[in-house]
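The values are calculated or read from the model by the stated rules, or taken from the named source; none is laboratory data. Computed from a predicted structure; not experimentally measured. Here the Cβ positions follow ideal geometry from the backbone for every residue, glycine too, while neighbour counts run over all protein chains shown.
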Amino acid sequence: MLFWFLFPNPDPKLEEGEYFIHKAKRHWIILLQRLIIPVGIIAVMLLTVLFRLSGAEILSTTDDVGRFDAISILIVLGIGGLLFAYFRSRARFPKNRAMRRNYIFGVLVLIGLLFFYLAGGQLVAFTGPSSGMDGLNTLLVVASLIMLLVIDFTVYDWRSDDLIVTNMRVIYEDYVPFFKDFRLQTEIDNVQSVVAKSETYLQNLLGYGTVIVQSAGQTRIVFTGCSDFESEADPLTGFRKRVSQAQKFIQAEVDKRRNARSPLELSNLIEKQVYGQEQVLTQPPVSVRAGRGGSWIFPQNPTIRGDKNRTVIWHKFWLFGLLELFRPLLTLALLSFGLLLLAGAELVEPGTIVTLALVMVVVILAWSWYVIEDYRNDLYILTLNNIIDIEKKPFGPENRRQAGLGQVQNVTYTTTFFGNLLGYGDVFVETAAASGRFTFHRVPKPRDVATTINDYLNSFRQGDRERSLRETLQVLKEYHEAQVRHDELRRQP
């Protein structure tokens with residue numbers, strides 16, 4: 001496990017008061033499906049080396065062209081069986097693309113073998129002495145070692161797929177260093193349904209299936225090949241059935257959050273509101289670090305303002321500002337080269353060259369200023385109460401979208417190969433507001449951005465619960481005072 005040793009997969013950062021409940025992995029059968037092709041390629045290459053060392057010739061030809069015998073029939077039947085399995089898997093397992101890729105690969109290999117066999121070819125023919133470790137055998141051995149790294153990477157990718165359940169969130173995480181960093185999550189409070197399916201005899205026998213978590217927004221977590229299906233007795237029928245432990249834990253947390261009020265919250269509010277004590281719930285700490293930068297061209301990213309709303313402002317990753325600035329700089333270089341050619345050929349008067357150069361510099365500086373301001377004016381803003389997306393052109397229109405944190409449903413992020421390598425990505429914020437989804441395009445450290453938004457969101461929800469409990473307590477106080485006014489408390493039953 002070279003990749004696992006070099007790049008250990010970190011667990012997601014937990015919020016204040018959050019703790020792990022359950023972690024589900026993909027079943028080993030999913031790994032087996034992914035390894036069929038690379039293991040098969042290694043087997044073919046090593047067998048080729050062994051046969052050639054024993055004096056055999058691989059993929060030789062004969063004069064028997066067009067023969068259609070029992071071997072040809074077996075190959076045709078194999079092609080038909082794989083095609084049947086392919087179309088059956090499309091209907092029953094539309095999400096399992098790895099399985100269908102294996103079927104297509106097998107069909108292509110068998111079709112190639114069929115044409116080769118009909119053209120008079122034969123797989124192995126013992127023709128003479130050993131070939132030794134010649135160039136072809138050496139190449140096949142080196143290719144086999146490379147395929148071993150591919151297998152190691154495939155195992156790492158399989159081990160990095162997690163379905164994590166905490167007391168606050170359900171998280172699907174798929175992390176591969178330098179290639180992808182994908183996280184899809186939903187808050188426990190937003191979970192609407194949890195479905196666990198073990199549909200085939202093989203899935204029921206081996207104890208795996210698919211877990212689907214649907215949230216109140218557009219987020220839908222689908223975790224195929226989940227390995228935590230265990231056999232339990234149905235309390236209604238008594239029959240044995242496969243039950244996903246992830247589904248049980250998620251549903252238990254959903255029920256707990258919906259049905260329970262914190263006694264500590266009620267106690268603290270009563271002490272403060274009724275008896276004048278200062279025992280109040282403290283808000284979860286919200287901590288982010290300011291980014292590097294601070295120049296006129298590239299502002300501090302993120303920028304943290306010391307106001308009461310603890311405003312955090314993100315810009316796009318500095319590389320994209322530099323790419324926008326590259327166009328005027330390239331234009332300046334090309335025009336300068338053209339002016340030098342004109343001056344060297346003495347086709348234009350020196351005074352004219354100077355005038356053109358000054359005009360060119362002024363225009364390029366104005367263009368560069370416009371590009372920089374356009375980059376700086378695209379803001380992604382987070383406060384203790386709102387999330388804001390601003391796109392503003394210099395001296396031009398402004399597109400401003402805003403939603404309250406109370407309308408935020410889910411926060412996810414994703415990166416590409418280059419984004420993971422350089423440290424930028426996209427953060428998606430699903431809201432119930434009319435403005436819909438907010439996308440923080442190409443922001444630095446998207447994992448930290450998503451974590452910060454979740455910090456603010458948890459802080460807002462904590463305060464929202466306190467406000468709700470305070471309103472309930474106020475209603476009870478008014479009712480108590482009404483009872484005192486009407487002398488109901490002294491009446492005998």
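Values as computed for the structure displayed
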| item | result |
| --- | --- |
| Answer from Leu110, Leu74, Leu83 - the residue that is at pLDDT 85 or above, more than 18 Å from Ile41 (Cβ to Cβ) and surrounded by 13 or more Cβ atoms within 10 Å (Cβ to Cβ) | Leu83 |
| Evaluation of Asp389 against (1) farther than 30 Å from Ala333 by Cβ; (2) in a helix (DSSP H, G or I); (3) at pLDDT 85 or above (one fails), failing number | (2) |
| Residue check, Tyr175 at pLDDT below 80 and assigned to a helix (DSSP H, G or I) | no |
| Test set (1) of a type outside the set (A, V, I, L, M); (2) assigned to a strand (DSSP E or B); (3) not assigned by TED's automatic domain parsing to the domain that holds Asp378 - Gly463 fails condition number | (2) |
| Options Thr331, Thr311, Thr352; residue that is over 15 Å from His441 (Cβ atoms), exposed (fewer than 15 other Cβ atoms within 10 Å of the Cβ) and in the same structural domain as Tyr424 (by TED's automatic domain parsing) | Thr352 |
| Test: Gly404 is at pLDDT 85 or above and of a type in the set (Gly, Ala, Ser) | yes |
| Unique residue being within 21 Å of Pro302 (Cα to Cα) and among the β-branched types (Val, Ile, Thr) when the list is Thr472, Thr415 | Thr415 |
| Residue within segment 362-369 that is out of contact with any His (no Cβ under 8 Å at 6 or more places or on another chain) and under 21 Å from Pro302 (Cα atoms) present | no |
| Among the candidates Tyr370, Tyr424, residue that is surrounded by 17 or more Cβ atoms within 10 Å (Cβ to Cβ), touching a helix residue (DSSP H, G or I) at 6+ places or on another chain (Cβ under 9 Å) and touching a residue at least 24 places away in the same chain (Cβ under 8 Å) | Tyr424 |
| Residue among Leu163, Leu236 that alone is at negative phi and modelled with pLDDT under 85 | Leu236 |
| Test: Asp426 is in the same structural domain as Phe317 (by TED's automatic domain parsing), assigned to a strand (DSSP E or B), of a type in the set (Asp, Glu) and within 19 Å of Gln185 (Cα to Cα) | yes |
| Residue check, Ile212 at pLDDT 85 or above, under 22 Å from Asn458 (Cα atoms) and out of contact with any helix residue (DSSP H, G or I) (no Cβ under 8 Å at 6 or more places or on another chain) | no |
| Search result, residues across segment 8-57 that are among the acidic types (Asp, Glu) and either surrounded by fewer than 16 Cβ atoms within 10 Å (Cβ to Cβ) or assigned to a helix (DSSP H, G or I) (or both) | Asp11, Glu16 |
